[in-house]
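Enquirer: Would you mind keeping the following structure in view while I ask a few things?
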Amino acid sequence: MTATEPRIDITRLEKVRRTGSKLTARCPACHAVGNDRTGDHFFLNTADGKFGCTVGRDAEHRREIFALVGIRGERKPDPERDRRWRMERDEEKRQATAKASLIETAKSKRDRIIARHRWNAADVWDNSPQRIDAPLVELDPRHFIASLFPQDAIIWTGEVFHSGARHADHWRTVASWREAQASAR
């Protein structure tokens, strides 16, 4: 093998994309620990055979990549690792097939379900356990929440941009929201 030949078994890579002499794919080392879901950490320059990961840039990470997808003549054989790798790929393919089948089934039955359970806006309004135009709701919005959910239900209230640990107080039980309103008066 010459210095310019790639030392990576390209057939074992996933989510492969080529742009000229550059190849990008899912990093096998990152994926082995549950990362690189987007499939773009690994890169390979097919002109000179250099490869790496955009996230794990140390030598140990490159060794792990090579151990997983390096050309057999250059890596130590490990039948158990290869068997696990094949089983994981088979399971991922099985799950993807099952998901695609479920999506197709749902799409094919969607129109029948909608026709069977038709519920127009007026019916929704009439069937609502609490009308949003009721005077009590206007005076106490927490009453509306309490009419929709059980007292021990955990709900989030706040603006869409209120996220992260500093907004953890937006998660409370319905009872806790009701108590907060009572103490604020």
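The values are calculated or read from the model by the stated rules, or taken from the named source; none is laboratory data. Bear in mind the structure is a predicted one, so any value in this text is a computation, not a measurement. Every residue, glycine as well, gets a Cβ built from its backbone with ideal geometry; the counts of neighbours run over all protein chains shown.
Enquirer: With the condition kept exactly as written, say whether any residue in region 1-9 is modelled with pLDDT of 80 or more, among the hydrophobic types (A, V, I, L, M, F, W, C) and either buried (at least 16 other Cβ atoms within 10 Å of the Cβ) or not in a loop (DSSP other than H, G, I, E, B) (or both).
Expert: No, because not a single residue in region 1-9 is modelled with pLDDT of 80 or more, among the hydrophobic types (A, V, I, L, M, F, W, C) and either buried (at least 16 other Cβ atoms within 10 Å of the Cβ) or not in a loop (DSSP other than H, G, I, E, B) (or both).
Enquirer: Only one of (1) crowded, with 18+ Cβ neighbours inside 10 Å; (2) under 27 Å from the mean Cα position of the chain (by Cα) fails for residue 17. Which number is that?
Expert: The number of the failed condition is (1).
Enquirer: Taking the criterion of being assigned to a helix (DSSP H, G or I), under 17 Å from residue 9 (Cα atoms) and of a type outside the set (A, V, I, L, M, F, W, C), would at least one residue in region 87-100 satisfy it?
Expert: Going through region 87-100, the residues assigned to a helix (DSSP H, G or I) turn out to be 87-100.
Checking which are under 17 Å from residue 9 (Cα atoms) leaves us with 89.
If we keep only those that are of a type outside the set (A, V, I, L, M, F, W, C) as well, we get 89.
So far as region 87-100 goes, yes, one or more of its residues are assigned to a helix (DSSP H, G or I), under 17 Å from residue 9 (Cα atoms) and of a type outside the set (A, V, I, L, M, F, W, C).
Enquirer: Which numbered condition in (1) loosely packed, with under 15 Cβ neighbours inside 10 Å; (2) at pLDDT below 80; (3) part of a loop (DSSP other than H, G, I, E, B) is the only one that residue 55 fails?
Expert: Unmet for residue 55, out of (1) loosely packed, with under 15 Cβ neighbours inside 10 Å; (2) at pLDDT below 80; (3) part of a loop (DSSP other than H, G, I, E, B): (2).
Enquirer: Sticking with this structure for a sec: Would region 146-154 turn up any residue that is modelled with pLDDT under 80 and part of a helix (DSSP H, G or I)?
Expert: yes
Enquirer: Mind checking whether some residue in region 106-129 is outside the structural domain of residue 26 (by TED's automatic domain parsing), aliphatic (A, V, I, L, M), assigned to a helix (DSSP H, G or I) and modelled with pLDDT of 90 or more?
Expert: Taking every residue of region 106-129 in turn, at least one turns out to be outside the structural domain of residue 26 (by TED's automatic domain parsing), aliphatic (A, V, I, L, M), assigned to a helix (DSSP H, G or I) and modelled with pLDDT of 90 or more.
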